[in-house]
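Worksheet for the structure shown next.
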Amino acid sequence: MTTVLIVDDEKDLRDGLSQAVRDLGHEALDAASGREALAIAGANKIDAVLLDLRMPDMDGLQVLTRLRAAADGANVPVAIITAYATAANTIEAMRLGAFDHLTKPVGREDLASLLTRMIRSRARRSPTTDLSDADGLPETLIGSSPGMREVQKTIGLVADSDATVLITGETGTGKEVVARTIHRVGARANGPFMALNCAAIPPDLLESELFGHVKGAFTGAILERKGAFREADGGTLFLDEIGDMDLAMQAKILRAIQERVVTPVGGKPQKVDVRIVAATHRDLEQWMKQGRFREDLFYRLNVVPIELQPLRGRPSDILPLAEHFLALVSSPKKQLSEEAARRLASHAWPGNVRELRNAMERVAVMCRSEIVAESDLVFLAASPAPDADENGGEDGRLPSAVEKLERRLIAEALAESKGNQAEAARRLGIHRQLLHAKAKKFGLGKRKDPD
């Protein structure tokens with residue numbers, strides 16, 4: 001019989017998980033704190049750990065680090081389960097070797113699937129790290145939709161490696177943000193990050209931009225140029241829109257990536273130590289069939305693929321992103337009215353996150369009130385509601401689609417705030433009375449405010 005250690009400072013949650021684990025045919029041990037969990041793990045053979053993130057004496061990431069450092073706990077799969085999932089703690093947990101990172105509440109079927117996977121597989125050992133700055137990771141990857149959380153988990157897994165990453169997605173989905181996050185949280189964070197847009201540089205200049213040139217190599221080369229590969233030595237080179245590179249340059253890039261050797265124009269081969277992250281909005285597999293992209297380069301780049309969904313495919317991220325961008329550019333911080341939030345949620349965002357950010361910057365400048373009204377968003381072109389959501393799609397009617405999104409966002413906020421409507425309203429940026437009315441309408445539980 002397998003033994004599962006459940007660590008959570010809330011007794012009801014701990015007891016509920018313990019009972020569910022026993023019902024699934026496993027033995028359950030429970031701990032109310034991080035220190036108690038480490039003591040139990042040291043005295044018992046543990047096959048899997050379900051670990052809460054926020055605890056008073058020692059948080060889940062610190063417990064995970066201690067388990068990874070212990071000889072008898074290094075290979076025990078640990079799943080972080082939290083009501084407070086953020087990009088920072090998701091990435092850091094996966095980077096430290098967590099088996100998975102889930103948000104509360106966890107359903108019975110999901111728990112059964114998780115335990116089956118954990119028991120069958122032993123999470124690979126990850127290097128330990130100092131967590132003193134873990135809470136200081138900037139929140140650049142806003143969003144808690146399933147698609148974005150998978151991206152965050154992948155970043156955490158690949159950050160400390162030198163594996164080449166290929167990021168795909170429509171224009172404006174945030175591919176460079178992902179690339180910078182991989183660099184910032186990884187082992188090369190102290191090295192340089194160089195970004196080069198391959199589509200923005202004429203083909204006859206691209207070789208010099210990538211590999212550099214020596215003085216006098218061609219007319220106008222009055223100074224030596226290092227090039228992006230050598231500028232990024234010891235760090236990360238981000239090759240954006242690599243799908244727009246011509247075939248001749250693709251062959252040279254392939255050699256540089258394979259051998260980590262570049263030859264400046266007019267110069268001699270030089271070794272470089274760079275981590276390659278590439279991105280494109282093109283369908284490279286289709287382009288390979290058309291003879292427009294080298295097959296060998298595709299497979300060299302596509303070691304770790306990361307696909308970014310368009311914003312219309314993750315509508316629950318729209319309002320958190322909008323509020324984030326408003327907070328960045330408005331002072332004092334502006335808030336979205338209910339009508340404005342509904343207008344944003346119903347827009348299709350063909351320009352994705354970039355369009356949303358530009359819209360919020362415009363609102364910050366043009367709106368004179370601290371509350372953004374729907375009339376402040378009239379510049380948004382009429383468009384249908386997002387045509388997909390994480391639960392399987394909408395029924396095609398705008399009021400129904402917006403109502404479903406509204407209900408889900410309120411439910412998530414209430415879950416994260418443990419039913420505290422004042423806190424949930426603050427998270428959503430709406431008045432408490434409005435949230436209370438909406439929660440009552442949707443049947444989302446009783447009012448619970450602080451004393």
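Helix 175-185 and the long axis of the chain differ in direction by around 80°, with both axes built from C-alpha atoms. Here the alpha carbons of the chain define both size measures, Rg and Dmax, at 24.7, 77 Å.
If R₀ is 25 angstrom, what is the calculated FRET efficiency for the pair Lys440 and Glu374, using the beta carbon separation as r and rounding to 0.05? Working from the Cβ atoms, E equals 0.60. Electrostatic tally near Asn352: other residues with Cβ closer than 12 Å to its Cβ, Lys and Arg +1, Asp and Glu -1, net +2. Taking the Cα of Arg432, stepping 7 Å toward and past its beta carbon, and measuring to each backbone N in region 310-350: which are under 20 Å? Within reach of a label on Arg432: 335-338.
Over the chain, dividing the summed -39,500 (n - 2.57) contributions of all DSSP H runs of at least 4 residues by the number of residues returns a 222 nm mean residue ellipticity of -13000 deg cm²/dmol. Once C-alpha pairs closer than 8 Å and six or more residues apart are averaged by separation and normalised to the residue number of region 63-121, the relative contact order reads 35 percent.
Beyond 26 Å in Cα-Cα separation lie the following of the pairs Lys226/Lys252; Lys104/Lys440; Lys11/Lys333; Lys104/Lys334; Lys104/Lys438; Lys175/Lys404: Lys11/Lys333; Lys104/Lys334; Lys175/Lys404. Per residue, the average separation of C-alpha pairs within less than 8 Å and at least 6 apart gives region 175-283 a relative contact order of 32 percent. For the chain, the longest piece that avoids every one of the GluC sites (Glu not before Pro) found in DSSP loops with at most 12 other C-beta atoms within 10 Å covers 140-369.
At an R0 of 35 angstrom, the distance between the Cβ atoms of Asp246 and Ala381 translates into a FRET efficiency of 0.50. For Gln290 and Lys268, the difference between the fully extended length at 0.36 nm per residue and the C-alpha to C-alpha distance is 4.5 nm. Each part reduced to its alpha carbon centroid, region 142-171 and region 177-228 end up 23 Å apart.
Mean sequence separation of contacting Cα pairs (under 8 Å, at least six apart), scaled by the length of the chain, corresponds to a relative contact order of 11 percent. Taking a point 7 Å out from the Cα of Thr164 in the direction of its Cβ, the residues of region 246-283 whose backbone N falls within less than 14 Å of it are 249-262, 274-280.
Summary of packing: across the peptides 315-322, 180-187, the per-residue average of other C-beta atoms within 10 Å ranks them, highest first, as 315-322, 180-187. The residues neighbouring Glu224, those whose beta-carbon lies less than 12 Å from its own, together hold a net charge of +4 under the Lys/Arg +1, Asp/Glu -1 convention.
Just so you know, all these numbers are worked out from the coordinates, no wet-lab data involved. Since this is a predicted model, take the numbers as computed values, not measurements. Glycine also receives a Cβ, built like all others from the backbone with ideal geometry; neighbour counts cover every protein chain displayed.
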